[in-house]
Amino acid sequence: TMRLSPQPPVYTRRAIVDDQLPTGESIPAGQDILISIYNLHRSPDVWGPTSNDFNPLRFGPLDEPPPNETNTDYRYVPFSGGPRKCPGDSFAMMEAMVVLAVLVRSIDFELIDIDKIRMTSGATIHTADGLNARVSMRQQ
């Protein structure tokens, strides 16, 4: 999910020295650069013809280390990478796993009108009209 809906979908960086992209284009010092993580994470050139498919095993068996910028050669960067990487990335992942484990242990979720879900973006990617679900306690 973080590959297909990264938060935020675009990063802004400023070149501190003159640089050159692998494609040969020059970037002068002081230039602002927009990096579209959304497009990178959905690029068929990077992820192949199934780039828009949700596939949890895309990164290998679930008992292997979770994907990050270094073990994916910077193809997967939901928290950015390098010296400007999100300092709370490990906490965010651990928090998400704990919350999800607690919820799915005792609650069933059923999406309603899954084909009508529309996404929109701004500073984050989110549903345009909310996410309707039927929620019920699991039977013990």
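The values are calculated or read from the model by the stated rules, or taken from the named source; none is laboratory data. Predicted model, so just to flag it, every value in this text is computed and none were measured. Here the Cβ is made from the backbone with ideal geometry for all residues, glycine too, and neighbour counts use every protein chain on show. When the accessible area is computed, the model is the full protein with side chains, heavy atoms only, and any ligands, DNA or RNA have been set aside. Shrake-Rupley method; radii C 1.70, N 1.55, O 1.52, S 1.80 Å.
Could you figure out which of (1) open to solvent by less than 50 Å² (accessible area, probe 1.4 Å); (2) hydroxyl-bearing (S, T, Y); (3) in contact (Cβ under 8 Å) with a residue 40 or more places away in the chain isn't true of T72?
(3)
Do you know which residues across segment 80-138 are hydroxyl-bearing (S, T, Y) and over 18 Å from the mean Cα position of the chain (by Cα)?
Result: S106, S136.
Being under 18 Å from P9 (Cα atoms) and aliphatic (A, V, I, L, M): is that true of A123 here? Don't jump to the end; show me each part of the working.
On the way: under 18 Å from P9 (Cα atoms): yes; aliphatic (A, V, I, L, M): yes.
Yes, satisfied.
Please verify whether P78 is in contact (Cβ under 8 Å) with a residue 60 or more places away in the chain and not β-branched (V, I, T), treating the condition exactly as stated.
Details: in contact (Cβ under 8 Å) with a residue 60 or more places away in the chain: yes; not β-branched (V, I, T): yes.
Yes, satisfied.
May I ask you to verify whether S136 is assigned to a helix (DSSP H, G or I) and without any contact (Cβ under 8 Å) to a residue 60 or more places away in the chain?
Numbers: assigned to a helix (DSSP H, G or I): no; without any contact (Cβ under 8 Å) to a residue 60 or more places away in the chain: yes.
No, not satisfied.
Against the definition (closer than 18 Å to P9 by Cβ and either polar (S, T, N, Q) or open to solvent by less than 70 Å² (accessible area, probe 1.4 Å) (or both)), how does I107 come out, yes or no?
Values: closer than 18 Å to P9 by Cβ: no; either polar (S, T, N, Q) or open to solvent by less than 70 Å² (accessible area, probe 1.4 Å) (or both): yes.
Considered against the rule, which asks whether it is closer than 18 Å to P9 by Cβ and either polar (S, T, N, Q) or open to solvent by less than 70 Å² (accessible area, probe 1.4 Å) (or both), I107 comes out as no.
Would you pick out the residues in segment 111-133 that are in contact (Cβ under 8 Å) with a residue 60 or more places away in the chain and either assigned to a helix (DSSP H, G or I) or open to solvent by less than 100 Å² (accessible area, probe 1.4 Å) (or both)?
Correct list: S121, A123, T124, I125.
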